[in-house]
Amino acid sequence: MKYFWVLLSLTTLFFTNAFAQKPDKLTSSELFHEIQKLNFLGTALYVAAHPDDENTSLISYLANHDKARTVYISLTRGDGGQNLIGSELRELLGVLRTQELLAARHIDGGEQRFSRANDFGFSKHPKETFNIWDRDKVLADVVWAIRKIQPDVIINRFDHRTPGTTHGHHTASAVLSMEAFELANDPEAYPSQLKLTTPWQPKRIFYNTSWWQYGSQEAFEKVDKSGMVKLDVGTYYAELGLSNNEIAAMSRSQHLCQGFGRLTDRGSSNEYIELLKGDMPKNNNVFEGINTTWSRVKGGKAVGDILYKVEADFDFQNPSKHILELVEAYQLLQKVEDEHWKTLKSKELKNIILAAAGLYLEASSVTSSVTPGSNATINIETINRSAPSITLKEIDIIGVDAKLTPNKVLGDNQRENFEISYTIPESTSYTSPYWLNEPGTLGTYTVNDQTLIGKPETPSAFKAIFTLVIDGVEIPFEKSVVHRYSKPDKGELYEPFAILPEVTSKIDEKVLIFATSDTKEVQVKIRAGKNDVSGSVVLNHPSGWAVSPNSIPFSIAQKGEEISVMFNVTPPNTESEGKIEPKVTVNNKVFDKELVEISYDHIPKQSVLLPSEAKVVRMDIKKSGEHIAYIMGAGDNVPESLEQIGYQVHIVDPNDIQNGDLDKYDAVVVGIRAYNVVDALKFKQPVLFDYVKNGGTMIVQYNTAGRWASQFENIAPYDVTLSRDRVTDENAKVEILAPNNSLVNYPNTITQKDFDGWVQERGLYFPSKWSSEFTPILSMKDEGETDKQGSLIVAPYGEGHYIYTGLSFFRELPVGVSGAYKLFANMLSVGKNEVKRDSNVKG
């Protein structure tokens, strides 16, 4: 993504002060585009369940063709998905996918909202979804979004009338949207919200249908479309030099962790939306019959008279000639009684004034983070690059008593720099995603502050308010305090200004497996959030476990420095599990958080504070073999998990594999979705199969059906047909079909108890057909479905064994599910009995 910011600067379509992203710098054509949007007073709300569910073509069309305020509410943050670009899963994946959605909206011109729903994993029916989500809270969040956003039209991505035909979250999103369409205007529904907002009734609600709803393009052509609106989303925007579908493709490509990078599209392309409630538009315009002019707002006509003239007479060579007119419109807008439109349009209008004047306002912290009670120094840069006289009256840091009153005229293209220092109040909240601050449930995050619900991210702790006087009118401009810096290989960079604890701690291994009662050394890393930190650390542990020493003193001189201390942890003789938790004391204050930083080129750096802890598991587990070759796929923590039980895992690059190279390994394990994402495997199948034929064990974990090249039509030495079969109930009953097979007997005896405590699901993308050489080992099913017998299949091949499994080991092993470890150890030991392979392998 080295080209990302260059691409973004060329395709800036939505002028936003996005949290800690580079400031937007609009061309005259882009500024004109924003003025057109300023003069459209209509709003659309698009509703779906996950990041990447949204139809970016339609969102971009509504935002850039119709010029409407367009908001996408994804009920979840995609926490239950997979990650193609890194190791973040669950709540950390939700943070990453949230930022990818914001990057997408920054390109297509939309805005982003969420609910408190947690993506707990795949769900086959909305009934199951509502059993896990707190249905009433999620419905309340959709009602809250409608009341706050006040959409004229709502568009559902999915059909509420077809439960069981798609992901349960999908249908659930549509069901809740349909209910909220009516409830949002009912003052008896969620009345506590009305202290902060008002009832609202959208005019229409649609379903974004398509040919796939009817099975084929041919079938869809025959459908009566009298109840549908047809939109050509391939329209070309001359002022931007881009077509709508080009913008949509670039937006869609921000979902990198889901593997949605794609080529751009061009040319006419139709989208259809089916009316569900409300009156049918008389033409192919979702806003037909709705007043979207300034006259819809009391007192708005006078504002519109000025702004429509600016649009009609816009000077592309000298946009600053319109500044005085824009300021006059702003002054009139402040007299409008409608707080909703006044707030929205004032923000848009101020951004346009900034762009027209070439005004650059920045508040940048000298350091990227500080701690409560410490000092912060903020560098201020201001420059006016236009002829009209503009005075910088004052600069106020919101949240503290810090203010400058320069009362200085900003001359044309004359940079002015200032500095503000202040003390961070001890009461300042740490920087971290607000929805992770308190424990939630499997299905719903805990957020008690109504004003935060739905926001994509935690608001900046500190903001700078620049009060400018333009033509005698005071206008406040708000900028988040950021950290601007540079790197020789990347140039100028921006990241959030974070408030972090004085000290954080972590245990790298989130699950520690004790296969015997032997003592293990456990490393605790301590990181300083400021200079000269000293204190002590203890390691809380469950009953029956022993830890020594009781406490360890430490001292760290430099902020950002990390040291390690070692504790000896001894498990009980019997099977047991629990948590160990570092507690760090500094000046009689206890710190118990781990700092996780998520950093990719396509999103702002994220600081996440989570409870500092690790799970410890004492299990009786046996294994055969020692050295394992692991071919990474889409990213998982299985290698680290196998090392926990004593295997030496060697990460192997498939590009380097030659005949005979694998013979030294006791088994070769292929990571999740490897055949979907590792192109080199298509050339290495013969080498892998020869390894098996010569006596090796090959284990292939789940792959997504149908997402590989023709060379991978058969990923096994015998015929196997992958399907979309999955068992989503992690507590589904498991039947052992082959009780005499070594996979359930050697070296560990597998029983029903070993399938207790699984998380999120049993498995996914099971084979539905396989040749007679394979033996299915297990049978399982979700409620109301037929038995699925393809979760674990094994076949002899030559002198070795080939195993395919769709069981979700990539989820179970990292959280310490004992039975999953025992079963995986059996797979690695298949065919070995008491004989070990000659394993003279160098690391």
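The values are calculated or read from the model by the stated rules, or taken from the named source; none is laboratory data. Since the structure is predicted, the reported quantities are computational estimates derived from the model, not experimental observations. Because the Cβ atoms are built from the backbone with ideal geometry, glycine has one as well, and the counts that use them run over all protein chains shown.
So here's what we get for this one:
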item	result
Search result, residues across the stretch 229-280 that are closer than 22 Å to residue 154 by Cα, among the polar types (S, T, N, Q) and buried (at least 20 other Cβ atoms within 10 Å of the Cβ)	244, 245, 251
Any hit, the stretch 142-158, residues being farther than 24 Å from residue 257 by Cα, without any contact (Cβ under 8 Å) to a residue 60 or more places away in the chain and of a type outside the set (Asp, Glu)	yes
Single match in 677, 727, 687 (criterion: buried (at least 22 other Cβ atoms within 10 Å of the Cβ) and touching a residue at least 24 places away in the same chain (Cβ under 8 Å))	727
In the stretch 376-420, residue surrounded by the fewest Cβ atoms within 10 Å (Cβ to Cβ) [restricted to those that are hydroxyl-bearing (Ser, Thr, Tyr) and modelled with pLDDT under 95]	389
So residue 386, is it of a type in the set (Ser, Thr, Tyr), in contact with a Gly (Cβ under 9 Å, 6 or more places away or on another chain) and touching a residue at least 24 places away in the same chain (Cβ under 8 Å)	yes
Whichever residue in the stretch 440-461 is hydroxyl-bearing (Ser, Thr, Tyr) and within 15 Å of residue 429 (Cα to Cα) and, among such residues, is surrounded by the fewest Cβ atoms within 10 Å (Cβ to Cβ)	458
Where a residue in the stretch 460-478 is farther than 13 Å from residue 359 by Cα and β-branched (Val, Ile, Thr) and its partner, wherever it lies, is part of a strand (DSSP E or B) and at pLDDT below 95, with Cβ under 7 Å and at least six apart	465/398
Residues within the stretch 338-386 that are touching a helix residue (DSSP H, G or I) at 6+ places or on another chain (Cβ under 9 Å), charged (D, E, K, R) and not assigned by TED's automatic domain parsing to the domain that holds residue 416, tallied	5
Among residues of the stretch 37-77, those that are farther than 18 Å from residue 272 by Cα and among the β-branched types (Val, Ile, Thr), counted	4
Set 358, 373: member being closer than 30 Å to residue 561 by Cα and either out of contact with any Ser or Thr (no Cβ under 6 Å at 6 or more places or on another chain) or of a type outside the set (A, V, I, L, M) (or both)	373
Residues that are of a type outside the set (D, E, K, R) and touching a Ser or Thr at 6+ places or on another chain (Cβ under 7 Å), drawn from the stretch 592-610	595, 607, 608, 609
Which numbered condition residue 373 fails, given (1) surrounded by fewer than 18 Cβ atoms within 10 Å (Cβ to Cβ); (2) under 19 Å from residue 480 (Cβ atoms)	(2)
Some residue of the stretch 258-266 being assigned to a helix (DSSP H, G or I), in contact with a Phe, Trp or Tyr (Cβ under 8 Å, 6 or more places away or on another chain), assigned by TED's automatic domain parsing to the domain that holds residue 82 and closer than 24 Å to residue 110 by Cβ	no
